[in-house]
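Below: the structure, in structure tokens.
A short reminder: the numbers here are calculations on the coordinates, not readings from a lab. Predicted model only: the values in this text are computed from it and were never measured. FYI the Cβ positions are ideal-geometry reconstructions off the backbone, even for glycines, and counts take in every protein chain you see.
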Amino acid sequence: MKFTKSRLIAFTPGKIRSVAVIGAGPVGSGLTKALINENHFDKIDVFEKRSRFGGLWNYTKPITLQNISNDTSIPCVPCENPAIRIKPQMLPNGEKIFGTAVYKYLDTNVPKQLMEYHNFPFKDGTPLFPIRDQVLQYLTSYAKPIQKYVQFNTEVSQVHYNDANNKYIVKVGKLGIDGDVESHHKNLETAGEYDAVAIATGFYDLPYIPTKPGLDKWYAAHPSSISHAKDFDCPEQYEHLKGEIVVVGNSASGSDLAFELAVHLKKPIYKSKRSENILPAGKSEYIKEVGDIAGMDPSTKTIIFTDGTKLSNVEKIIFCTGYLKSLPFLPKQQDIKDPTAQVGDTILSQLITNGGMVHNLFNHIVPINLPSFGIIGLPKYVLPTRLSETQGAWLARIWSGRIQLPDLKKRQAYHDWFAYENGLGGKFHDLVFPRDIQYSQRLNKEIKAAGNGGYFGVEWSPEQIRLRVSIKPLKEAYLEKLKIEGKRALSIDELIAGGYFKWPEDAISVVQVPNFAP
């Protein structure tokens with residue numbers, strides 16, 4: 001994409017009175033509570049495309065897998081275009097279902113103590129690493145107070161900025177009279193005009209399937225053999241397979257899926273990886289690690305890996321390669337006729353390019369040149385629930401005028417610092433420990449300095465920092481106990497008493513918070 005140099009859009013803190021929030025999932029709920037508790041905004045409208053709270057924690061597989069062919073909903077292979085819009089499935093009762101990645105036996109990779117919102121604990125008796133239905137119940141309970149602000153079954157289709165009056169125009173898609181999903185984005189209505197827009201949709205919707213040598217020909221010959229982690233439900237799906245199974249990816253989903261398949265099927269599961277996994281993962285003798293895919297021969301169903309391994313009779317390839325950064329409702333650069341006249345839309349159109357990152361942001365939240373637009377929940381390797389409250393509290397105070405943005409030069413310097421440290425690509429928003437804590441605490445410092453009143457995020461205590469450092473060995477100990485005893489531990493003390501876990505000697509409990517970055 002060719003970037004157009006844009007001038008700064010006028011921003012007057014305190015004059016923002018109406019806000020549109022897109023998304024009422026785990027991140028949107030935290031943000032909305034922060035906006036409400038600021039006691040500044042006259043109008044807060046939240047648009048949620050699903051029929052209920054919970055976002056990506058809604059378990060849809062029993063429904064969605066019955067209504068798609070080849071057991072996959074991936075729109076194309078390879079899948080590298082962030083402009084693709086995921087379509088809903090229509091049920092006989094008229095309900096729209098948007099599939100999620102949550103699968104049958106999923107539990108969290110984060111202990112419950114670190115998942116909790118501010119002063120909102122999980123119920124007594126919840127396992128140390130909660131399972132998916134417990135997480136959904138928790139999120140739903142937390143979100144109930146914001147229900148009157150939310151318009152469910154309402155998908156935002158377009159967001160435009162009107163330079164003439166400094167307002168955002170938000171349009172939503174409605175189903176056609178005949179309930180046709182295809183007409184969903186043809187029958188639009190204007191939901192309203194707003195002084196600010198906050199994005200809280202998350203970025204785990206549009207599957208990313210990278211180009212691999214021979215993949216296009218393989219998919220043409222064996223389309224049902226290719227799927228994505230988003231369509232994985234349980235290892236029982238694969239019991240009928242006679243050939244080999246390859247899991248592509250070595251991060252959270254790749255490790256989880258490989259472990260589930262290996263434990264249940266008790267056959268070799270080949271995990272193709274490019275780098276080591278910094279997240280917790282179960283261990284099994286049946287998991288065979290191989291290199292990245294170097295070549296694919298569909299005529300013999302053979303894959304060649306970069307470490308020299310050659311695997312024949314491959315019957316299933318599950319891509320656990322993550323998701324594209326996608327905001328398909330934003331203006332497209334090719335549709336903007338005069339960037340000098342449509343400055344706001346030009347800035348919005350340049351946020352997403354190839355789907356690897358969101359460009360030109362300060363604090364991973366607001367566009368450098370358009371601070372009345374915000375994105376919550378973008379950083380990776382963080383605790384998204386609790387961070388949504390901190391980011392939301394910071395953004396609410398920016399828009400109410402209680403926190404002053406630094407000058408344009410410093411905002412740009414912050415972006416450039418991350419570009420230098422992480423690169424302009426898929427790792428740009430990575431906040432690997434201790435940066436996740438430094439980032440959160442730096443925002444909390446600014447929030448505190450704004451004075452009493454409003455919403456506050458979770459503060460990192462020494463005990464929580466020590467726990468954050470120890471997540472990987474703690475989850476692996478938890479999985480080991482579950483595998484041996486068939487029981488889920490409720491506490492860390494239980495794992496220690498059983499001999500499964502001990503605190504790492506290098507588990508620090510203090511992190512220095514910089515003034516500038518991250």
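How do 292, 430, 506, 307 line up, fewest other C-beta atoms within 10 Å first?
506, 307, 292, 430
Let me have the relative contact order for the chain, percent, based on Cα pairs under 8 Å that are six or more residues apart.
Working: 1034 pairs, mean separation 100.9, N = 518.
Answer for the chain is 19 percent.
Using alpha-carbon pairs under 8 Å, 6+ residues apart, how would you state the relative contact order of segment 386-518 in percent?
Worked out over segment 386-518, it gives 32 percent.
With θ taken as phi - 60° and the coefficients 6.51, -1.76 and 1.60, list the Karplus ³J(HN,Hα) couplings across segment 417-427 in order, rounded to whole Hz; mark glycine and proline as x.
Per residue, the Karplus-derived 3J(HN,Hα) values read 4, 5, 4, 5, 6, 10, x, 8, x, x, 9 Hz.
To make sure I understand, if each residue's beta carbon is the centre and we count other beta carbons within 10 Å, what order do 435, 397, 17 fall in, fewest to most?
Listing 435, 397, 17 from fewest to most nearby Cβ atoms yields 17, 435, 397.
Excluding residues on the same chain fewer than 8 positions from residue 445, give the aspartates and glutamates whose Cα lies under 13 Å from its Cα.
By straight Cα distance, residue 445 reaches 459.
What's the lysine pair count for segment 123-177 at a Cα cut-off below 26 Å, pairs eight or more apart or interchain?
The number of close lysine pairs in segment 123-177 is 7.
Could you quote the convex hull projected area for segment 326-385, Cα atoms only and averaged over all directions, in nm²?
4.7 nm²
Would you list which aspartates and glutamates come within 16 Å of residue 273, measuring only between C-alpha atoms, while excluding same-chain residues fewer than 8 positions from it?
By straight Cα distance, residue 273 reaches 256, 289, 292, 307.
Quick check on the chain: helices-only [θ] at 222 nm, where DSSP H runs of length 4 and up contribute -39,500 (n - 2.57) each and the sum goes over total residues. Nearest 500, please.
-8000 deg cm²/dmol
In this model, which of 448/502; 230/288; 33/112; 325/483; 87/409 are farther than 29 Å apart at the alpha-carbon?
From the list (448/502; 230/288; 33/112; 325/483; 87/409), the Cα-Cα distance tops 29 Å for 448/502; 325/483; 87/409.
Cα convex hull of segment 111-163: mean projected area in nm², to one decimal?
Approximately 6.3 nm², given one-decimal rounding.
What is the Cα coordinate range of segment 20-171 on the first, second and third principal axes, sorted by size from largest, in whole angstrom?
Largest to smallest, the principal-axis extents are 51, 42, 33 Å.
Counting other C-beta atoms within 10 Å, which of 320, 234, 76 has the fewest, and how do the rest follow?
Values: 320 25, 234 15, 76 12.
Result, fewest neighbours first: 76, 234, 320.
Just the ratio, please: alpha-carbon radius of gyration of segment 288-387 over 2.2 N^0.38 Å, N its number of residues. List each step's numbers first, then the result.
On the way: Rg = 20.5 Å, N = 100, 2.2 N^0.38 = 12.7 Å.
Compactness ratio reported: 1.62.
With contacts defined as alpha carbon pairs under 8 Å and 6 or more residues apart, what's the relative contact order of segment 1-142 in percent? Spell out each step's value before the answer.
Numbers: 136 pairs, mean separation 30.7, N = 142.
Relative contact order, segment 1-142: 22 percent.
Which one is right for this structure if Cα Rg over 2.2 N^0.38 Å is calculated from it: (i) 1.14; (ii) 1.35; (iii) 0.98?
Matching entry in (i) 1.14; (ii) 1.35; (iii) 0.98: (iii).
How big is the antiparallel share of DSSP beta bridges in the chain, given as a percent to the nearest 5?
Around 45 percent antiparallel, to the nearest 5.
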